[in-house]
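The values are calculated or read from the model by the stated rules, or taken from the named source; none is laboratory data. For clarity, every value in this text was computed on a predicted model and none was experimentally measured. With ideal geometry, Cβ positions are generated from the backbone for all residues, glycine too; neighbour counts draw on all protein chains shown. Remember, those area values only see protein heavy atoms, side chains included, never the ligands or the DNA or RNA. Shrake-Rupley method; radii C 1.70, N 1.55, O 1.52, S 1.80 Å.
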Amino acid sequence: MAEGDDFGRRLLAAVDVKGYSGNTANWQKRIQEALPLVLDRAGARAGLERAKWEIQDAGDGELAVLPPGEPEPRVVDDYVRHLVAELRRYNRDVPQGKELRLRLALHFGPTMRAAKGFSGGGPVVVSRLCDSPALRIALDQTGAALAVVLSDGVFSETVAQEHTSLDPTAFRKVVVRVKELVQVAWIWVPEKDIGQLDLPDDAVPPTPDPPPRPAAAGPGVVHGHFANAHVRADKVVGGDEITYLGGRP
């Protein structure tokens with residue numbers, strides 16, 4: 001395979017377990033065993049082929065790159081609903097305070113394989129969304145077993161366009177600010193009303209100022225190019241130095 005042949009835009013899912021590090025080693029072991037079972041069962045009930053997902057395991061979570069054949073609306077809708085049911089089923093049999101509670105992020109973006117998993121903007125964005133303060137607080141304040149965040153593209157192209165059975169008004173628009181990421185996203189906590197939650201970053205980012213208009217062309221310049229001359233560095237070949245207007249080109 002030539003370098004870059006595995007590059008493509010893919011649907012990605014990032015999952016993280018709430019409170020994993022605060023558990024004992026035995027409970028961490030149990031969580032690591034339970035998490036893939038819960039995710040696999042939800043996927044199977046939704047008609048998805050999780051065996052074909054490329055998964056980067058993290059112990060207390062996973063990053064999954066889905067194959068092109070997995071229907072995005074089914075992942076956003078059916079998979080999430082079945083995941084809620086599987087979490088409810090699992091949590092019935094554990095002591096209070098030991099429930100499995102998850103954050104799930106879904107995003108569609110550029111991805112490629114790398115030495116230790118995946119690289120590209122897609123994995124970075126979906127991981128940042130999953131780790132966002134707003135999603136963490138939504139899970140904490142509702143006491144739910146699952147909180148979901150969709151990137152703006154996934155929400156706009158699946159939920160807002162009515163390709164799912166989900167109610168777009170059940171989602172909360174936020175701006176995720178994690179490290180270098182500043183991006184609009186949509187949070188949903190199944191079976192919970194999150195309209196009145198005190199979430200951070202709940203503001204639309206400012207619209208950037210339009211770029212400045214280029215300076216008017218002067219003598220010897222035609223539409224930003226120097227007429228009858230070739231430009232190299234700061235010299236016109238066979239001519240005088242160039243004084244750039246409005247900064248370097």
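Using the Cα gyration tensor of the range 1-87, with a ≥ b ≥ c the square roots of its eigenvalues, what is the shape: rounded (a/c below 1.5), prolate (a/b larger than b/c) or oblate (neither)?
The shape class here is oblate.
Could you derive backbone 3J(HN,Hα) for the range 184-195 from the dihedral phi with the Karplus parameters 6.51, -1.76 and 1.60 (θ = phi - 60°), listing whole Hz in sequence and x where the residue is Gly or Pro?
Per residue, the Karplus-derived 3J(HN,Hα) values read 5, 8, 10, 9, 9, 10, x, 6, 10, 9, 10, x Hz.
Expressed as a whole percentage, what fraction of the accessible surface of the range 11-90 belongs to carbon and sulfur atoms when a 1.4 Å probe is rolled over the protein heavy atoms?
48 percent
Highest mean first, how do 100-106, 166-172 rank when packing is the count of other Cβ atoms within 10 Å averaged over residues?
The packing order, highest mean first, is 100-106, 166-172.
Under a plain spin-label model, where a point goes 7 Å from the Cα along Cα-to-Cβ, how far apart in nm are residue 44 and residue 198?
Each label point is offset 7 Å from its Cα along the Cβ direction, giving 4.4 nm.
With each label point set 7 Å from Cα along the Cα-Cβ vector, what nm distance links residue 165 and residue 27?
Distance between label points: 3.5 nm.
Using R₀ = 41 Å, calculate the FRET efficiency as 1/(1 + (r/R₀)^6) where r is the Cβ-Cβ separation of residue 52 and residue 96; round to 0.05.
Given R0 = 41 Å and the Cβ-Cβ separation, E is 0.65.
Amide H neighbours of residue 146 under 5 Å, counting only residues 5+ apart in sequence or on other chains, H built in-plane at 1.01 Å?
102
Quick one: net charge around residue 146, please, counting Lys, Arg +1 and Asp, Glu -1 for every other residue with C-beta under 12 Å from its C-beta.
Result for the local shell: +2.
Just the C-alpha atoms of the range 98-156: what Rg/Rh do they give, with Rh taken as the Kirkwood radius?
The Rg/Rh ratio comes out at 1.05.
Is any residue of the range 106-138 close enough, with backbone N under 12 Å, to a label point placed 7 angstrom from the Cα of residue 180 along the Cα-Cβ axis, and if so, which?
120-121, 124-125
Keeping all protein chains in place and using 1.4 angstrom, which order do 189, 184 fall into by accessible surface area, from largest down?
184, 189
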